[in-house]
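Structure first, commentary second.
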């Protein structure tokens with residue numbers, strides 16, 4: 001069942017890339033395309049210092065997040081939108097870098113709340129910064145992490161593209177259903193102990209939102225396009241379907257590839 005992994009190792013024409021970055025690049029003319037989406041939710045949480053007793057206390061204050069246009073920044077925008085707030089009017093956003101840098105800034109007192117993801121969320125809780133909102137619970141599809149390639153490579157290497165998609169889907173299935181098998185591998189490459197509780201926390205956080213069918217979210221792509229259109233109005237008219245190529249996912253579905261997972265789960 002998992003023989004495609006060997007072929008996947010030999011494929012250098014595809015990568016796992018943030019969907020927002022891919023859509024932004026394609027909107028500016030880059031010949032890149034989304035082949036499948038691994039995460040269809042923004043798996044982030046808002047952690048805050050003890051003085052923030054409730055979410056309303058954030059009004060007029062600052063939230064630390066990732067770089068503008070990155071997944072963490074979009075998570076912050078989605079959070080604000082959910083509560084009817086406007087970025088840098090009702091709540092200020094400060095772009096830093098990854099979750100470790102956001103947590104470090106929280107500890108230093110640079111701002112009272114930040115957007116984090118596992119396993120940094122576990123470290124934040126230990127440091128006294130409690131989770132006040134789980135953004136992953138919002139029913140708002142987003143191309144958080146996708147399998148991406150160039151159109152030229154996709155058109156010229158159909159067998160490799162199919163192999164990449166098969167291997168990616170199989171890996172997701174294993175991560176979701178066999179943590180006993182996959183977490184030791186993650187620990188090895190993360191260079192942490194196999195008993196590190198952050199491994200299981202990450203699996204529980206990410207696993208439930210991982211998309212074994214790899215179906216791209218056109219609504220999520222539109223969310224990205226709407227954001228880009230604030231600075232480039234012409235992008236508003238772009239069709240989200242132009243940023244994906246689902247030919248190979250449809251082929252896998254037609255040949256019954258995904259049915260194996262339904263049976264085994």
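The values are calculated or read from the model by the stated rules, or taken from the named source; none is laboratory data. The shown structure was predicted, so the numbers you read here are calculated from the model rather than taken from an experiment. Every residue, glycine as well, gets a Cβ built from its backbone with ideal geometry; the counts of neighbours run over all protein chains shown.
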Residue list for the stretch 49-60, filter: surrounded by 10 or more Cβ atoms within 10 Å (Cβ to Cβ) and either touching a helix residue (DSSP H, G or I) at 6+ places or on another chain (Cβ under 8 Å) or assigned to a strand (DSSP E or B) (or both)
49, 52
Any idea which of 70, 18, 36 is surrounded by 15 or more Cβ atoms within 10 Å (Cβ to Cβ), under 22 Å from the mean Cα position of the chain (by Cα) and farther than 27 Å from residue 252 by Cβ?
70
Show me the strands (runs of 3 or more DSSP E) found entirely inside the stretch 61-156 where at least 3 residues are without any contact (Cβ under 8 Å) to a residue 60 or more places away in the chain and closer than 28 Å to residue 207 by Cβ.
62-65
Of all helices (runs of 4 or more DSSP H) fully inside the stretch 200-265, the set with 1 or more residues that are within 15 Å of residue 26 (Cα to Cα) and either under 23 Å from the mean Cα position of the chain (by Cα) or not assigned by TED's automatic domain parsing to the domain that holds residue 161 (or both) is 218-228
From the list 206, 223, 261, 227, which one is buried (at least 16 other Cβ atoms within 10 Å of the Cβ), closer than 18 Å to residue 33 by Cα and in contact (Cβ under 8 Å) with a residue 60 or more places away in the chain?
223
If you go through the stretch 79-92 one residue at a time, how many are touching a helix residue (DSSP H, G or I) at 6+ places or on another chain (Cβ under 8 Å) and within 25 Å of residue 26 (Cβ to Cβ)?
1
Given the options 104, 163, 76, 113, name the one that is buried (at least 21 other Cβ atoms within 10 Å of the Cβ) and out of contact with any helix residue (DSSP H, G or I) (no Cβ under 8 Å at 6 or more places or on another chain).
76
Residue selected from the stretch 21-33 under the condition free of Cβ contacts under 8 Å to residues at least 40 places away in the same chain and either part of a helix (DSSP H, G or I) or touching a strand residue (DSSP E or B) at 6+ places or on another chain (Cβ under 9 Å) (or both), by the criterion surrounded by the most Cβ atoms within 10 Å (Cβ to Cβ):
25
Does the stretch 180-190 contain at least one residue that is under 20 Å from residue 126 (Cβ atoms), touching a residue at least 60 places away in the same chain (Cβ under 8 Å), in a helix (DSSP H, G or I) and not assigned by TED's automatic domain parsing to the domain that holds residue 256?
no
